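No value in this document is a laboratory result; all are computed from the given coordinates. All of these numbers come straight from a predicted model, not from anything done at the bench. Note that we place each Cβ from the backbone using ideal geometry, even for glycine, and neighbour counts take in every protein chain shown.
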Amino acid sequence: MADIPYSTALIVGAGPGISASVARALAAAGLKVGLAARNTDKLAALAAETGAATFAADASDPAAVAMLFDAVDAKIGTPDVVIFNAAARVRGRIADLDPTELRRAIDISAFGGFLVVQQAARRMLPNERGAILITGATASVKGFPLSSGFAMGKFALRGLAQSAARELGPQGIHVAHFVIDGGVRSANRADPADHPDSTLDPDAVAEAYLDVLRQHRSAWSWEIELRPWVERF
């Protein structure tokens, strides 16, 4: 399998689950890794395991995102892989949702995605190379009851990814969106013994992210859907 043609990765919205598995896989592939989150205390063990640098940032704040990228440039080098994994949920009936909470969720899930993609593009365009990977969900393509805020954010994020792929792809920047269609296995969500592999293994998801990074530019994917074999769609 081809080597990953990149050297430095930044994961925004890092935490347990998919982003942790991606960080481990990137580090194992020889990339320098930066992990960004509002609370970096939760990243200590992962950073120690992977040798990653950690950065505190609010993905919904334009100034904070600009400062984040400047800090990453200075500490580990300008990233040629940027992964946006931040998201926020606010559940409830449409008639009952607090507009302020809903706006905050969309600011993180969608506006934050734009801010990160913008900073990444500004650094990648002069070199005409790089990769921007965006984590979506079932809600990226299907809105569920009591989840309108999450669907709004994820629909917007998918639109951003599609537009960015069409704009930046011809300039050498690979943009890909991942529809994570199903529950992700974790310490708090074990795979049921009577339904093996009915949840997404985050390590298997991470391998899909790395496979996309290895794609030759003559056959780039802009969107990948990942779901357990028993998931309906």
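Remarks
- Normalised contact order of the chain, rounded percent, pairs of Cα under 8 Å and 6 or more residues apart: 20 percent
- The length gained on full extension between Lys142 and Thr40, counted as 0.36 nm times the residue separation minus their Cα-Cα distance, comes to 33.5 nm.
- Neighbourhood charge, 11 Å Cβ-Cβ cut-off, centred on Ala176 and excluding it, Lys, Arg +1 and Asp, Glu -1: -2
- Residues with amide H under 5 Å from that of Glu223, placed H, sequence gap 5 or more: His177
- Neighbourhood net charge (14 Å Cβ-Cβ; Lys/Arg +1, Asp/Glu -1) for Tyr6: +1
- Within the chain, DSSP assigns beta bridges of which about 5% are antiparallel (rounded to the nearest 5).
- Computed over the range 8-226, the convex hull of the alpha-carbon atoms projects to a mean area of 12.4 nm².
- Within the chain, the whole DSSP H helices whose Cα atoms reach 27 Å or more along their own axis and whose mean Kyte-Doolittle score is at least -1.0 are 148-168.
- Sites Val230 and Arg93, calculated FRET efficiency, Cβ-Cβ separation with R0 25 Å, nearest 0.05: 0.25
- Ordering Phe111, Phe144 from the fewest to the most neighbouring beta carbons within 10 Å gives Phe144, Phe111.
- Residue exposure proxy: Ser221, Ser109, Ser163, ordered by other Cβ atoms within 10 angstrom of their Cβ from fewest to most, comes out as Ser163, Ser221, Ser109.
- Ranking of Met152, Met67, Met124 by count of other Cβ atoms within 10 Å, fewest first: Met67, Met152, Met124
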